[in-house]
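Have a look at the structure below before the remarks.
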Amino acid sequence: MHMGFMVVSAALLVSGCTSVSMNGGLELDRPGRDGQVAEAADRTLRGDDALPVDATALHDRVLTMDTHIDIDAGYASYRLDPGVFNRAQVDLPSMRAGGLDAGFFIVYVGQGLISPMGYEEAAAIADDKYEAILRMIRAYPDQIALAVTADQVEAIHNSGKLVALIGMENSWPLGTDISNVELWADRGVRYVSITHFGNNQFGGSSNPNLAQGDPAEDPGLTDLGRELVSALNDEGVMVDISHVGKTTMMEAVALSRAPVIASHSGARSVYDHPRNLDDEQLRAIRDNGGVAQMVAFRRYIADIDPALAQAEQALAAEFGLDSQEGRAAATQATRDRFQDELRALRASMNDVTIEHLADHIDHAVAVAGIDHVGIASDFDGGGGVGGWDDATETPAVTAELIERGYSEKDIAKIWGGNLLRVMRAVEAAAAD
Ligand SMILES: [Zn+2]
């Protein structure tokens with residue numbers, strides 16, 4: 001999740017599904033799996049050994065893990081049922097249709113006041129998000145199960161179920177009582193991002209909130225931030241440095257007794273955005289044994305074509321979705337029609353696509369090595385690119401990686417193997 005996104009993107013959050021594949025404009029009716037199988041099978045692609053490889057078969061063989069999936073308030077309630085294709089970019093049928101095996105569902109809280117009242121408010125929002133994830137798992141125990149260890153991820157996957165993991169984005173809800181780390185670890189949280197947009201009680205953000213008085217320069221980890229990193233290590237929770245300022249990030253990496261992750265970030269050498277990791281940061285993650293999950297987020301990974309941005313705004317206005325009031329008043333049918341037209345618009349213009357995502361993956365692999373790179377969608381938090389705009393389209397990512405010459409072994413690492421290795425190292429460090 002991010003803040004300050006464009007009006008149009010905000011409207012998108014409420015209607016993620018589509019009947020149009022961005023891959024060659026193939027028309028698919030949901031569920032999209034059959035169409036995608038056919039589409040992928042049409043593409044005879046070559047791997048390292050120059051033999052034809054069926055992208056979908058390969059995709060189905062590897063364990064695919066998306067490390068950042070946001071959820072709406074009201075998720076897994078009467079307002080949004082994850083058991084059916086719904087307006088979100090990720091639901092259980094979409095995960096199955098797209099062969100997306102595992103996902104970190106996110107307890108996200110946008111940064112607010114750093115005060116006892118603020119902490120209380122943040123904890124309440126975090127509790128709500130956590131309950132929503134539990135509701136999904138409890139409602140569909142035959143389809144999805146919670147994993148809190150790497151072994152459990154594999155065991156659940158092997159049993160044929162989808163795998164849910166929990167990440168916390170922004171440690172603000174932890175307040176100043178470090179024992180809250182243990183509470184959330186017991187609840188199953190397996191990564192915690194130190195900050196979100198805006199500095200907090202633990203450290204500096206990649207995007208400080210200057211209007212709220214944050215200094216332009218990242219002040220680094222606070223004393224409490226150092227305690228946080230240590231407590232996360234002790235509890236076997238991965239330290240997540242996405243959204244974190246570089247000074248704070250480098251200090252956290254140096255301090256951590258276990259590998260760290262960037263749960264959803266891009267490569268700054270490919271696209272210069274403060275949310276992205278520069279090469280020094282990528283190398284620090286490599287040297288620490290960690291993993292940087294490249295994010296499929298249009299605005300973070302490439303320039304948005306101004307003509308497309310303008311056309312998106314105009315479309316939103318046409319549907320009355322260009323204001324807060326308009327979005328609140330819109331019916332689901334209106335949102336769905338808008339979403340369909342937006343997809344068509346993006347497909348007809350110069351969109352940020354899966355190729356841009358792959359450029360970030362290529363660069364991160366070149367700098368940090370194949371063992372230190374992964375993938376995150378940031379779906380339902382503003383994420384998605386042309387070609388991978390909801391969970392049903394996940395095989396297209398694999399197809400793109402094959403096209404770029406990655407072997408099955410490489411792809412298995414990128415899609416989850418690296419993350420599981422880090423999870424195991426973090427578990428082992430906690431046990432020491
Ligand atoms: Zn985020």
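The values are calculated or read from the model by the stated rules, or taken from the named source; none is laboratory data. Here the structure is a predicted model, which means the values were calculated and not measured. A quick note on method: Cβ atoms are made from the backbone with ideal geometry, for glycine too, and the neighbour counts reach across all protein chains shown.
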Within segment 83-109, take every residue that is in a loop (DSSP other than H, G, I, E, B) and modelled with pLDDT of 95 or more and give me the one that is nearest to the ligand (Cβ to nearest atom).
VAL109
Quick one: in segment 290-328, which of the residues that are of a type in the set (Lys, Arg) and over 30 Å from SER256 (Cβ atoms) is surrounded by the fewest Cβ atoms within 10 Å (Cβ to Cβ)?
ARG327
For segment 150-171, how many residues are under 18 Å from ARG421 (Cβ atoms), touching a Gly at 6+ places or on another chain (Cβ under 9 Å) and of a type in the set (Gly, Ala, Ser)?
0
What strands (runs of 3 or more DSSP E) completely inside segment 157-268 contain at least 2 residues that are more than 16 Å from the ligand (Cβ to nearest atom) and under 28 Å from ASP432 (Cα atoms)?
162-169
Filtering segment 182-198 for residues that are crowded, with 24+ Cβ neighbours inside 10 Å and of a type in the set (Lys, Arg) leaves a count of 1
Quick check on this structure: which one of GLY381, GLY326 is over 24 Å from VAL291 (Cβ atoms) and either touching a helix residue (DSSP H, G or I) at 6+ places or on another chain (Cβ under 7 Å) or small (Gly, Ala, Ser) (or both)?
GLY326
In segment 200-212, the residues that are more than 16 Å from ASP240 (Cβ to Cβ), at pLDDT 95 or above and out of contact with any helix residue (DSSP H, G or I) (no Cβ under 6 Å at 6 or more places or on another chain):
PRO208, ASN209, LEU210
Which condition number does GLY326 fail, the rest of (1) at pLDDT below 95; (2) assigned to a loop (DSSP other than H, G, I, E, B) being met?
(2)
On the given criteria, is ALA292 touching a Leu at 6+ places or on another chain (Cβ under 9 Å), under 20 Å from THR248 (Cα atoms) and touching a residue at least 40 places away in the same chain (Cβ under 8 Å)?
yes
Report, by residue number, each residue of segment 269-285 that is within 16 Å of the ligand (Cβ to nearest atom) and buried (at least 24 other Cβ atoms within 10 Å of the Cβ).
ASN276, LEU277
I'd like to check something: does segment 319-326 contain any residue that is within 30 Å of ALA425 (Cα to Cα), hydroxyl-bearing (Ser, Thr, Tyr) and touching a residue at least 40 places away in the same chain (Cβ under 8 Å)?
no
What number of residues within segment 331-367 satisfy the criterion of being outside any helix (DSSP H, G or I) and touching a residue at least 40 places away in the same chain (Cβ under 8 Å)?
5
In segment 276-296, is there at least one residue being within 18 Å of ASP389 (Cα to Cα) and in contact with a Phe, Trp or Tyr (Cβ under 8 Å, 6 or more places away or on another chain)?
yes
Among (1) over 13 Å from MET168 (Cβ atoms); (2) more than 16 Å from the ligand (Cβ to nearest atom) - the single one ASP66 does not satisfy:
(2)
Only one of GLY416, GLY405, GLY381 is assigned to a helix (DSSP H, G or I) and either more than 22 Å from the chain's Cα centre (by Cα) or crowded, with 22+ Cβ neighbours inside 10 Å (or both); which?
GLY416
Restricting segment 239-268 to residues that are farther than 18 Å from GLY383 by Cα and of a type in the set (Lys, Arg), the one surrounded by the most Cβ atoms within 10 Å (Cβ to Cβ) turns out to be LYS246
Those residues of segment 105-122 which are buried (at least 19 other Cβ atoms within 10 Å of the Cβ) and under 18 Å from ALA73 (Cβ atoms), in sequence order:
PHE105, ILE106, VAL107, TYR108, VAL109, GLN111, ALA122
Residue list for segment 269-278, restricted to those being in a loop (DSSP other than H, G, I, E, B) and in contact with a Gly (Cβ under 8 Å, 6 or more places away or on another chain)
HIS273, ARG275, ASN276
Looking only at residues in segment 53-75 that are over 26 Å from ASP240 (Cα atoms) and in contact (Cβ under 8 Å) with a residue 40 or more places away in the chain, which one is farthest from the chain's Cα centre (by Cα)?
VAL53
Here the residues within segment 384-402 that are part of a helix (DSSP H, G or I) and either out of contact with any Pro (no Cβ under 8 Å at 6 or more places or on another chain) or modelled with pLDDT under 95 (or both) are ALA391, GLU393, PRO395, ALA396, VAL397, THR398, ALA399, GLU400, LEU401, ILE402
Does SER407 fit the bill of being touching a residue at least 12 places away in the same chain (Cβ under 8 Å), within 16 Å of the ligand (Cβ to nearest atom), touching a Gly at 6+ places or on another chain (Cβ under 6 Å) and not basic (Lys, Arg)?
no
